[in-house]
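Taking it in order: structure first as structure tokens, then the write-up.
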Amino acid sequence: MPVFLLVSLGVLLLDQFSKWWILEHFREHEVVVVWPVFNLTLAFNKGAAFSFLADAGGWQHYLFVGLAAAVSLVLVIWLWRLPRGRVLEAWGLALILGGAIGNLIDRLLRGHVVDFLQWHWGPHYFPSFNLADSAITLGVVLLLLDGLRGSRQGEDNVR
């Protein structure tokens, strides 16, 4: 469903605009408390999720760029070939694609991913993330829900 490529583009534009804004208005590690459990704070991540491999010496940059590019290509093809009516799957793929390309652009332009959303409970902080990460997470949840729904429908057909 090619129309969902526009969803990916929307995610990409929102992600890049939010990163541009935060880079224009914040210094690295500057914190603005939005709610007692939520901050805006600029952080740079050279690794993957939860800063995985962030201190690996530089080779991880090429690994993550290559993986993101390959996954994005697979997602575009998957989304393009997806039959009509697979709306939940299309939303999931579109969100993941937009987020993956958003973080890929960061790695290509800056050498790291710009993160700025930070949740915490007292002294316990969840690693900072961005809108692309949020879209990827929501996309994965939608794909899992679609898979569970498909499994249940398959079970009904067997009975």
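The values are calculated or read from the model by the stated rules, or taken from the named source; none is laboratory data. If you're wondering where the values come from, they're calculated on a predicted model, not measured in any experiment. Here the Cβ is made from the backbone with ideal geometry for all residues, glycine too, and neighbour counts use every protein chain on show.
Worth a mention:
- Top-ranked residue in segment 117-131 [being closer than 23 Å to D106 by Cα and part of a loop (DSSP other than H, G, I, E, B); ranked as nearest to the chain's Cα centre (by Cα)]: N130
- Residue pairs meeting the criteria (Cβ under 7 Å; at least 6 apart or on separate chains; first closer than 24 Å to A100 by Cα, in segment 118-133; second surrounded by 12 or more Cβ atoms within 10 Å (Cβ to Cβ) and acidic (D, E)): S128/D115; F129/D115; N130/D15; N130/D115; L131/D15; A132/D15
Quick grid of which residues meet (1) outside any helix (DSSP H, G or I); (2) buried (at least 21 other Cβ atoms within 10 Å of the Cβ):
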residue: L67; (1), (2): no, no
residue: V76; (1), (2): no, no
residue: L79; (1), (2): no, yes
residue: G85; (1), (2): yes, no
residue: L93; (1), (2): no, yes
residue: I96; (1), (2): no, yes
residue: I105; (1), (2): no, no
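- Among the residues of segment 103-117, those that are touching a residue at least 60 places away in the same chain (Cβ under 8 Å), more than 18 Å from L5 (Cα to Cα) and not acidic (D, E) comprise R110, G111, H112, V113, V114, F116, L117.
- Given (1) within 22 Å of L138 (Cα to Cα); (2) aromatic (F, W, Y); (3) modelled with pLDDT of 95 or more, index of the condition F26 fails: (1)
- For segment 14-31, taking the residues that are among the aliphatic types (A, V, I, L, M) and assigned to a helix (DSSP H, G or I), the one that is surrounded by the most Cβ atoms within 10 Å (Cβ to Cβ) is identified as I22.
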